[in-house]
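Everything below concerns the one structure shown next.
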Amino acid sequence: MNKALITALPVAFALAACTSGGDGGDPANLPQNSSPSITDPGPISVEENSRNVIDLVVTDADGNPVTLSLSGTDAGRFTISNSGTLAFAIPADFEAPGDADGNNVYEVTVTASDTYSTDTSVNLEITVTDVVVGDGIPQTSNLVTTDATTFVQENIISSFEYPVLMQSETNKFTLSGVFADPAIAQSGWNNLDGPSAARIGDAAVTTCEITGVPGDCDAPQGEILILDFTVTQDSITFLMSGGDGGALVGVELILASDGSVLSTYNPNFCGDAVIRGDQHYVHWDTSGLIGTDVRIRIFDENSGGCGFISFDHFYQTNSPMGVNIGSPSKPLPPVNVTSEAAAVTGLIPHASFENPEDMVNNRGWVATGAFANPMPDSWEGTARASNAAAARFGDRAVSTCEMNANSAGCDAPVGTVTSPSFQVTDTYLNFLMAGGNGAAPVGMNLLDGAGNVIHTYTPNSCGPSHIDGDNDWVWVDISALSTAYVRMQVFDNEPGGCGFVSFDHFYQGPNAWNPGGGTDGGAVALTPAVEANLGFNVSLPDDAFDQVIGSFDDATTNNWTATGDFMNPAGPDAWQGVSGEGRVGLRAVSTCELNNNAAGCDAPTGSLTSPEFMVDAARPYFNILITGGNGGTVPVGFEVLDPSDSVIASFQPASCGPPWVNGDDDWVSVDLTAQIGNMVKIRIYDNEAGGCGFVSFDHPHMSATAK
């Protein structure tokens, strides 16, 4: 036998062993990796303005990771995640189709790849349908409260639903940093941290998650500038979290005309990388900016600790949510007049006359005659536009000579404009006023709560037809009215010679402002008759004196039935709370200080019962100022009784101290609508001689308004 042949035999046998048992040794016959699978959803229909299109079902039998991509005619209009969510990058507008054919049918191919096998593709057709009503913002929310105003189209400043669209709308937004990055916008500006993140609509924003890189929370920086829009509501409300209260993270409200910052908010919620709920609602009180064009700048300029910001859904509303972060008002620079600091801080609410339409429609000012139904510039003295000597605060002053574009001539317009109640908090009322001849019925009245005239000033300059400088400052000493609520009225009741009045900027201050030969408008002098109708440290509804159940201004002439320590009052002030801060008229009542505190605070007891009166349909609310007691265990309070002394309603205060009426927080109202046409009476009682055994009260009356 050949030795070489013998040596080779084991090798041959080994090879045979390796190839025996089937085809496993042939690479062409090895098991192959399966291609990914995409379930074809068939035709897809989506309403215009929608963000998400469909969640595709994508599987891989071998469990390999799958990457999805887009191609086709309209691929640029969409984004897709590797989990299968197909969405519009810029929401489709049915009225302005964005597909290549312009027929609102978008064509796109979705391709799935696992890198180990042949790719799988599916062709999709997405038909966009018309929505007759809607603003494009999904009317949904997660973990936050919304109301009827949240989704009103004209109220929404920005919802942040569509980042790619915001990048394209350069007339509405200026973006920088991470907010201007197309790749980041394409995938959205946040990851929403699962179900625990709050939002309005389908999306909110957080720079903590904006890059999609785990742990990349503080580094991203950028700015969103929302360009000019007009303030139309009493507040701008939004959701905001993040930051540590520092100046590098937050939001600014900016005056569009000159770029000045009106208010800044820097959030201090470092631990909340996303919005968590209603606790992150804040708002600006923008009632002082109605009609003004503003901008909003949202910024994250901090790349270190707490260097992130989360926010969503800026909108205007008269029903604000959350914490008031400021009450900005339009700057009112003086023109051709000199001012003091109090001219800004002491302004009577909306007495700048910048927007008469808003004053009358929304701020409680009452206009009659030529002042009625104003537009924003109806009361404006038009001569200011061409007369360099004309003076004012802000953009507008008033002249009845030139109001309503001088349509009636100079003298003819007559009417009044009356402010809502305001509290006297300083020594002088300062204002600009000219016109009249000293005898003509044009000028300014101060009114009490019942509309009675307390004080009158009549100017005597006749011409010019506008305010022309510091010589038109007028001051009235109002110190006698300290803490009282009054109203201010400007009147022009003269249609003849010198029958016009020009005025602007009513404010309270510590000084009789007289920088250039102004006029002393006199001092308020109170008589008992005037004082009886004033509200001191409390405000009053307009009909507060139409059906007064008890004034308590004179204990000896009061017609209520008295028991206990209320009986046999020694004088007019026997029931008076001598230390009282709040009252209506001359006196209020406090059993703590009854009869000049002769028995101490708690000891006095007794009751006062009113005469019977009818509940009028025009005034179904019983209002009373009342405080004291400790909320029920001490028998102190009032009852509404029918003629048989059955109790209809009752109330027991729970304030204990102070021992007098303090202010508007002491008003209590009872709705007696069910008793309209019936006779009732009121019993006020103090049956407790021990701790918190006192009651303070004043001015029970019937009103159309629950106070």
Working carefully through the options V530, V538, find the one that is in a helix (DSSP H, G or I) and either open to solvent by 20 Å² or more (accessible area, probe 1.4 Å) or touching a Lys or Arg at 6+ places or on another chain (Cβ under 9 Å) (or both). V530
Neighbours by Cβ (under 6 Å, 6+ apart or cross-chain): first from the stretch 44-73, closer than 30 Å to Q32 by Cβ; second among the aliphatic types (A, V, I, L, M) and not in a strand (DSSP E or B): V58/V66; D60/V66
So which residues in the stretch 319-373 are open to solvent by 20 Å² or more (accessible area, probe 1.4 Å), among the small types (G, A, S), under 18 Å from A397 (Cα atoms) and assigned to a loop (DSSP other than H, G, I, E, B), if there are any at all? S329, S339, A372
Select from the stretch 266-285 the residues that are surrounded by fewer than 19 Cβ atoms within 10 Å (Cβ to Cβ) and within 21 Å of the chain's Cα centre (by Cα) and list them in ascending order. N268, G277, D278, Q279, D285
Going residue by residue through the stretch 664-685, is there one that turns out to be of a type in the set (V, I, T) and either in contact with a Lys or Arg (Cβ under 6 Å, 6 or more places away or on another chain) or not in a strand (DSSP E or B) (or both)? yes
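To keep it simple, each residue is scored yes or no on (1) at pLDDT below 95; (2) polar (S, T, N, Q); (3) more than 22 Å from D55 (Cβ to Cβ); (4) surrounded by fewer than 20 Cβ atoms within 10 Å (Cβ to Cβ).
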position: P91; (1), (2), (3), (4): yes, no, no, no
position: T115; (1), (2), (3), (4): yes, yes, yes, yes
position: T129; (1), (2), (3), (4): yes, yes, no, yes
position: P138; (1), (2), (3), (4): yes, no, no, yes
position: Y162; (1), (2), (3), (4): yes, no, no, no
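For every residue, the table says whether it meets (1) assigned to a strand (DSSP E or B); (2) at pLDDT 95 or above; (3) open to solvent by 20 Å² or more (accessible area, probe 1.4 Å); (4) in contact with a Lys or Arg (Cβ under 8 Å, 6 or more places away or on another chain).
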site: A390; (1), (2), (3), (4): no, no, no, yes
site: C401; (1), (2), (3), (4): no, no, no, no
site: N404; (1), (2), (3), (4): no, no, yes, no
site: T416; (1), (2), (3), (4): yes, yes, yes, no
site: N430; (1), (2), (3), (4): yes, yes, no, no
site: N437; (1), (2), (3), (4): no, no, yes, no
site: N445; (1), (2), (3), (4): yes, yes, no, no
Within the stretch 220-251, how many residues turn out to be open to solvent by less than 30 Å² (accessible area, probe 1.4 Å) and without any contact (Cβ under 8 Å) to a residue 60 or more places away in the chain? 1
Matching residues, the stretch 642-663, being part of a loop (DSSP other than H, G, I, E, B) and within 41 Å of the chain's Cα centre (by Cα): Q652, P653, A654, S655, C656, G657, P658, P659, W660, V661, N662, G663
Please work out which one of (1) open to solvent by less than 10 Å² (accessible area, probe 1.4 Å); (2) among the polar types (S, T, N, Q); (3) in contact with a Lys or Arg (Cβ under 7 Å, 6 or more places away or on another chain) is the condition T609 fails and give its number. (1)
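Considering only residues that are more than 21 Å from G304 (Cβ to Cβ), surrounded by 18 or more Cβ atoms within 10 Å (Cβ to Cβ) and of a type outside the set (V, I, T), which ones fall in the stretch 190-217?
L192, D193, A197, A198, R199, G201, D202, A203, A204 - these are the residues of the stretch 190-217 that are more than 21 Å from G304 (Cβ to Cβ), surrounded by 18 or more Cβ atoms within 10 Å (Cβ to Cβ) and of a type outside the set (V, I, T).
The values are calculated or read from the model by the stated rules, or taken from the named source; none is laboratory data. Computed from a predicted model, the values in this text were never measured in an experiment. Here Cβ is always computed from backbone atoms with ideal geometry, including for glycine, and neighbour counts include all displayed protein chains. Just the protein is used for accessible areas: all its heavy atoms, side chains included, with ligands, DNA and RNA removed. Shrake-Rupley method; radii C 1.70, N 1.55, O 1.52, S 1.80 Å.
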